[in-house]
Amino acid sequence: MRRNTAIFPMSSAMKLTGLTARQIRYYESLSLISPERTPGNHRIFSMNDLDLLLAIQNYMEKGFTMKRIGEILNEPQKVETPEILKHNEYQRPLLNRGDLSRFF
């Protein structure tokens, strides 16, 4: 429940993931992420959204195409395909509470 609560504005998402606003909006346009919106139509992100952004970033660093990343994210039961398992760094740690403590 807590990880699904959208509380981070775009600026915080950018700082925590190292992505630009343009990259995040691009991933949203491809339906890879779907952050919630405020009544003023501003994006707000949950911890799960940030984890997803980090996963997308990790796949991009590994050389996966956007199409393949979309397939991987939309079919979680096939995440452990040989194509993905050959990348040892795939098991990158996700954000945790300690990572966020410097922002509060």
Where N is the number of residues in region 8-65, Cα Rg divided by 2.2 N^0.38 Å:
1.06
Name the residues whose placed amide hydrogens come within less than 5 Å of the amide hydrogen of F45, ignoring near sequence neighbours (fewer than 5 apart) on the same chain.
I7, F8
Spelling out what I want: for every residue of region 14-20, take phi, set θ = phi - 60°, compute 6.51 cos²θ - 1.76 cosθ + 1.60 (Karplus), and round to whole Hz; glycine and proline get x.
5, 5, 6, 9, x, 8, 8
Work out from phi, with θ = phi - 60° and the Karplus expression 6.51 cos²θ - 1.76 cosθ + 1.60, the ³J(HN,Hα) of each residue of region 29-36, listed in order in whole Hz, and give x for Gly and Pro.
5, 8, 6, 7, 9, 8, x, 6
If you plug each phi of region 49-63 into the Karplus form 6.51 cos²θ - 1.76 cosθ + 1.60 with θ = phi - 60°, what whole-Hz ³J(HN,Hα) values come out, in order, with x for Gly and Pro?
4, 5, 4, 5, 4, 5, 5, 4, 4, 5, 4, 4, 5, 7, x
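Where a number appears in this text, it was derived from the coordinates with a stated rule and is not lab data. Nothing here was measured: the structure is a model prediction, and the numbers come from that model.
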